[in-house]
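The values are calculated or read from the model by the stated rules, or taken from the named source; none is laboratory data. Quantities reported herein were computed from a predicted structural model and do not represent experimental measurements. FYI the Cβ positions are ideal-geometry reconstructions off the backbone, even for glycines, and counts take in every protein chain you see. Only protein heavy atoms, including side chains, enter the accessible area calculation; ligands, DNA and RNA are left aside. Shrake-Rupley method; radii C 1.70, N 1.55, O 1.52, S 1.80 Å.
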Amino acid sequence: MMGNDDEQLQEELHWTPRKRSSWRSTPRGATAIMAMGGVLMLAMWGVTMTLVGSARDLAAVGVFLVMGLEGLVALGIARSLWRAMGPVARGIIRPLMVLGPLPPLAVLCCTSMALVQALNPQAGFASRGKNWGIPHRGGSVRFSEVQALCSKLGSQWRIPREDEVARLDPPPPPVGRNSTHANYWLLPASGTSPAQDVFLTVSCLGPRCSSEILRQAKRPSGGGENAGAALCVDF
């Protein structure tokens, strides 16, 4: 059994696609390597685009170059993992590759995403500071929707009052990586006219950002029909 695994391992590690080869003729271990390499490559791409922001920021040539290199690195790591996992694990995985690399690749990707969301305490935030968070899908919402978004983050999260703006650490940036302006919903201080909505306005020019309190008249229908970004605090 061990000798057979060694022979299979060498064939799998040195296998290269041929012009008329199909996934049926591909060694199962080579298929597993491709599946693991695909998962690693997608993870690297995700990290790259998170750091860069967008394909436009990196430029098209840079995108293809970086992601191509990451694909080669991911495949190399997958080959090393396949060699290191031992004959027992390889013997269990090989039969699962009967339909090619795409089904296990999809399963591994979905499992990885579920684990990241379960283990990442900031999974519900588009951005976060020490005592505040901007929830996902909170870029442009009505006032009545903000508290619901904050509540999904946990019972301690709520909309900040306008007299608590100085406590935000650090000051929140505009929503979105390439944004330069944002109006965040605030709860009004006592005595504020009920006919006004209150926002924390953040404006950035290059690396410098400034903020101020902005009041806007409610729409004729009342009830906070103006739209703003959601900001939640856990003071």
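Label-point separation (nm) for residue 47 and residue 169, each offset 7 Å from Cα along Cα-to-Cβ?
Modelled inter-label distance: 3.0 nm.
Give the ranking of 72, 168, 105 by solvent-accessible surface, highest area first, calculated with a 1.4 Å probe.
On the way: 72 120, 168 15, 105 35 Å².
In descending accessible area the options line up as 72, 105, 168.
Report the FRET efficiency, 1/(1 + (r/R0)^6), for residue 109 and residue 190, where r is their Cβ-Cβ distance and R0 is 45 Å, rounded to 0.05. Spell out each step's value before the answer.
Values: r = 51 Å, r/R0 = 1.13.
After rounding to 0.05, the efficiency reads 0.35.
Compute the signed sum of charges (Lys and Arg +1, Asp and Glu -1) over the other residues within less than 13 Å, Cβ to Cβ, of residue 213.
That works out to -3.
With each pseudo-label sitting 7 Å past Cα toward Cβ, what's the residue 211-residue 73 distance in nm, one decimal?
Here the modelled spin labels are 3.5 nm apart.
Run the numbers for residue 227 and residue 96: contour at 0.36 nm per residue of separation, minus the present Cα-Cα distance, in nm.
Roughly 42.1 nm would be gained on extension.
If you stretched the chain out fully between residue 81 and residue 11, how much longer would it get, using 0.36 nm times the residue separation minus the C-alpha to C-alpha distance?
23.7 nm
For residue 156 and residue 144 in one chain, what is 0.36 nm times their gap in residues minus the Cα-Cα distance, to one decimal in nm?
2.5 nm
I'd like to compare 136-146, 5-15, 206-216: which one has the highest average count of other Cβ atoms within 10 Å, and what's the full order after that?
Working: 136-146: 16.8, 5-15: 14.4, 206-216: 11.8.
Descending mean neighbour count gives 136-146, 5-15, 206-216.
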